[in-house]
1. Once amide H atoms are placed 1.01 Å from N in the peptide plane, what residues at a sequence separation of 5 or more from residue 18, or on another chain, have their amide H within under 5 Å of its amide H?
2. For residue 39 and residue 19, calculate 0.36 nm times their separation in residues minus their Cα-Cα distance, and state this gained length in nm to one decimal.
3. Report the label-to-label distance for residue 4 and residue 30 in nanometres (one decimal), using points 7 Å from each Cα along the Cα→Cβ vector.
4. Per residue of region 8-22, what does 6.51 cos²θ - 1.76 cosθ + 1.60 with θ = phi - 60° give for ³J(HN,Hα)? Whole Hz please, x for Gly and Pro, Karplus curve as stated.
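FYI, it's all coordinate maths here, none of it is from the lab. Keep in mind that what you see is a predicted model, and the values were worked out from it rather than measured. With ideal geometry, Cβ positions are generated from the backbone for all residues, glycine too; neighbour counts draw on all protein chains shown.
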Amino acid sequence: MTSKSVSTALTLYRSRTLTLEQAATVGGCSAAQLEESARAFAPTPGETASDD
C-alpha cells in the first residue's frame with residue numbers, strides 16, 4: 001500500500017466510480033484502512049477551497 005495507490009483509490013471512491021471494497025483492492029489495503037485514510041484526509045468543516 002503506497003500513498004499514491006491509496007490516494008488514487010480514495011479519488012475513485014469519492015467520485016463513486018468504485019465501491020469502498022473495490023477501492024480498497026485497488027489501494028492494496030483493507031476497506032477499514034481505506035476508510036481510516038479517507039477520514040484522515042477529509043477537509044475540516046471550516047476548510048474551503050481557495051481560488052488563489
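1. 13
2. 5.6 nm
3. Calculated label separation equals 2.7 nm.
4. 4, 4, 5, 4, 5, 5, 5, 7, 6, 6, 10, 6, 4, 5, 5
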